[in-house]
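Structure first, then comments.
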């Protein structure tokens, strides 16, 4: 009677080493991919902030008026092209009437601002959009808004500012580092959080006081002087 020989040999050390190397490469690729995604969002956020500044100054140079404060509607629509699609305009008093509380809302001359910079071609988008839909979204699924910072973030230079909401803590620190001094409470870039430590609402307005430090556990509204 022949004896049946069973081969119970397991993985060799070499085979196990190869498997571990493959797993390490896969994990490294995933982490690297996440890092690239985060960096691309950060670059887009910086570009968005810069684009609004360029749009504002370009508009003033071209038309001699503040976007959003320009008007009346009929005068702007007469420019033709995309201007025919706008629905609101400002009162031409030389002041952009958007309070910090209206940064991501539709009050004051907020919608007029976004319709004007879109109709003029300085930023992409449909100039006919109204309400919150008129405000662009940012890389973090929050909103981009502008305000006249007369009673806004404590210590920030008074005047116009552009803000983005729902920015994760790590990204907020990175933005501040690229654009300013990495300190959320000083310089031309300021950051605020909600009362509960999170700013999860896309349209949460900037708080009156800037936060002292950045935490990766929080989300921020980041504002920059325009």
Check: What's the center-to-center distance, using Cα atoms, between segment 69-100 and segment 203-226 in Å?
Finding: 30 Å
Note to self: To test your reading of the geometry: what angle, between 0 and 90 degrees and rounded to tens, separates the Cα axis of helix 169-179 from the longest principal axis of the chain?
What the structure shows: 60 degrees
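Please report, largest first and rounded to whole Å, the three semi-axes of the ellipsoid equivalent to segment 88-159, where each semi-axis is the square root of five times an eigenvalue of the C-alpha gyration tensor.
Values: eigenvalues 81, 50, 21 Å².
Gyration-tensor ellipsoid for segment 88-159: 20, 16, 10 Å.
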Check: Helix 110-119 versus the longest principal axis of the chain: what angle, 0 to 90°, nearest 10, using Cα atoms?
Finding: 80 degrees
Checklist line | Quarter of Cα convex hull surface for segment 36-138, i.e. mean projection, nm² | finding: 6.6 nm²
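For the chain, what ratio Rg/Rh do Cα atoms give with a Kirkwood hydrodynamic radius?
Radius of gyration relative to Kirkwood radius: 1.27.
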Item checked: Sites residue 19 and residue 200, calculated FRET efficiency, Cβ-Cβ separation with R0 41 Å, nearest 0.05 -> 0.50
Check: Using r as the Cβ-Cβ distance of residue 38 and residue 91, and R0 as 35 Å, what FRET efficiency do you calculate, to the nearest 0.05?
Finding: 0.25
Next item on the list: With an 8 Å cut-off on Cα pairs and a minimum separation of 6 or more residues, tell me the relative contact order of segment 38-225 in percent.
Entry: 19 percent
Next item on the list: Starting from the Cα of residue 188, step 7 Å along the direction of its Cβ; do the same at residue 130; then give the gap between the two resulting points in nm.
Entry: 3.6 nm
Next item on the list: With an 8 Å cut-off on Cα pairs and a minimum separation of 6 or more residues, tell me the relative contact order of segment 37-143 in percent.
Entry: 27 percent
Notebook entry, point to check: On full extension of the chain, what length is gained from residue 106 through residue 158, given 0.36 nm per residue of separation minus the C-alpha to C-alpha distance?
Noted result: 16.6 nm
Margin query: Testing the spin-label approximation: label points 7 Å from Cα along Cα→Cβ at residue 79 and residue 57. State their distance in nm.
Written below: 1.9 nm
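Quick note: the coordinates plus some simple rules give every number you see, no bench work behind them. As the structure is a computational prediction, the values presented were derived from the model and not from experiment. Methodologically, a virtual Cβ is constructed for each residue, glycine included, from the backbone with ideal geometry; neighbour enumeration extends over all protein chains shown.
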